[in-house]
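Take a look at the structure below.
The values are calculated or read from the model by the stated rules, or taken from the named source; none is laboratory data. A quick note: this is a predicted structure, and the numbers were derived from the prediction, not measured. Note that we place each Cβ from the backbone using ideal geometry, even for glycine, and neighbour counts take in every protein chain shown.
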Amino acid sequence: MAFYRMFLPLLFIVFCSSYTVAGSQADVVAKYEPKRIAQFAKQVEKYAAARGARAFIIARLGRPEGELPKGVRYTHTAVAIYSNIKLANGEEAKGYAIHNLYQVPAQPERSYLLTDYPVDFFWGAQELKAGIVIPREEVQSRLIDLIDSGANKRLHNPKYSLISNPLTQQYQNCTEYTLDLLNAAIYQTTDLDQLKANTRAYFEPQKLRMSSLKISLAAMLRKEIVTKDHKGRPKMATFGSIERYLQKYGLVQHSLTLQENVSVDS
Amino acid sequence: MKLINTLLMVALIASPVAACASESVNHSGQASKHSVMALGHGLHAGVKVASTAVAAPVAIVGSASVAAGSVLTESAKSLSYKPHSPKSKKIKSKAALEVSETTVTVGPAPNQAVQRSN
């Protein structure tokens, strides 16, 4: 009985608070009215376009901010590329296509790549808030070349872990994939051995500030939470750690948080 | 014992809820999103929605012709933006790019597309 008294509250805590770290679902039920989401998404596009950004890192908040571990500001990160978009009706539009790694719906321990658009990206956001890092033009051009050539697909590892170690190749989540894209663009190679060696040398991952017990229990209960690629306390790629990495090496043109703060007239 | 039972029940209920609410799982929201976007429910008349066939990156620098000032002003009206470093403020805007007013959305998953067409 004593065991249950101890274990069940822990189980409850783990279930309720351990899935807020990275995260890569293709869609969720919308919290906001479609109109607000569509307008916010378009405003984010216009803001980036006004800055001349042809490629940038974009992040969203898919969980309430208060539930995130310390040091983690967003739950999903991807790369937005300015694109000519051919529509199903034959027309063309100009805007941003977002290149994501998402979890397979029925197999959360597996992932797939999907290109979607800002309104899709923000559909399930808990706050109409976007993290944006616009890299320097050279990096933007290389990111575009990487994705346009399809070489980005060679960087995808379908073995998904919510807390994947970005310094190794064993597992990958959305943010690690974004980091791998950036490094492949920067170093102009898709050789993962080389890319990970460079990541270990220059990238400082974010330490996961969550109790070891919680992490261990979560790993026991969920296939998509894996700890065996970590030695000691898990460290992971986050939007913030990617931003700091690019800042440190002078590769940021502009970085900011965009947030809807007033009602939008129709 | 009552507490334990309650916690067990909540944990059991919370497990699928946490999975669905987390950023890691896809679920039926996909279908509802496409219904909303396709039918224009909840969208005002000015929002034109279209699903996409293919997106091709644009690799030309500074090809756009939209005036930077007007675009930026429109965005700024309803957004708060906080530069992450003081240096960011000093960086001049690059040549602005054109963004279409159409709201583009990815099409439904293949299984949903098949279901719909039946």
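Tabulated results
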{"item": "Enumeration of residues in region A:121-151 that are within 30 Å of A:Arg222 (Cα to Cα) and surrounded by fewer than 22 Cβ atoms within 10 Å (Cβ to Cβ)", "result": "A:Gln126, A:Glu127"}
{"item": "Qualifying residue in region A:49-57 (condition: under 20 Å from B:Glu98 (Cα atoms), in contact with a His (Cβ under 9 Å, 6 or more places away or on another chain) and more than 8 Å from chain B (Cβ to nearest Cβ))", "result": "yes"}
{"item": "Residues being among the aromatic types (Phe, Trp, Tyr) and either over 14 Å from the mean Cα position of the chain (by Cα) or farther than 15 Å from A:Gly150 by Cα (or both) - total across region A:162-201", "result": "2"}
{"item": "Qualifying positions in region A:73-104 - farther than 22 Å from A:Pro135 by Cα and part of a loop (DSSP other than H, G, I, E, B)", "result": "A:Ala88, A:Asn89, A:Gly90, A:Glu91"}
{"item": "Verdict on A:Glu224 being in contact with a Phe, Trp or Tyr (Cβ under 9 Å, 6 or more places away or on another chain) and either under 23 Å from A:Asp145 (Cα atoms) or outside any helix (DSSP H, G or I) (or both)", "result": "yes"}
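Table: residues versus (1) surrounded by fewer than 21 Cβ atoms within 10 Å (Cβ to Cβ); (2) of a type in the set (A, V, I, L, M, F, W, C).
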| residue | (1), (2) |
| --- | --- |
| A:Asp193 | yes, no |
| A:Glu204 | yes, no |
| A:Lys207 | yes, no |
| A:Ser211 | yes, no |
| A:Arg222 | no, no |
| A:Lys235 | yes, no |
| A:Phe239 | no, yes |
| A:Gly250 | yes, no |
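Yes or no, residue by residue, for (1) at pLDDT below 95; (2) of a type in the set (Gly, Ala, Ser); (3) more than 20 Å from A:Glu243 (Cβ to Cβ); (4) part of a strand (DSSP E or B):
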{"residue": "A:Ser111", "(1), (2), (3), (4)": "no, yes, yes, yes"}
{"residue": "A:Gly124", "(1), (2), (3), (4)": "yes, yes, yes, no"}
{"residue": "A:Glu127", "(1), (2), (3), (4)": "yes, no, no, no"}
{"residue": "A:Ile132", "(1), (2), (3), (4)": "no, no, no, yes"}
{"residue": "A:Gln140", "(1), (2), (3), (4)": "no, no, no, no"}
{"residue": "A:Asp148", "(1), (2), (3), (4)": "yes, no, yes, no"}
{"residue": "A:Arg154", "(1), (2), (3), (4)": "no, no, yes, no"}
{"residue": "A:Asn157", "(1), (2), (3), (4)": "no, no, yes, no"}
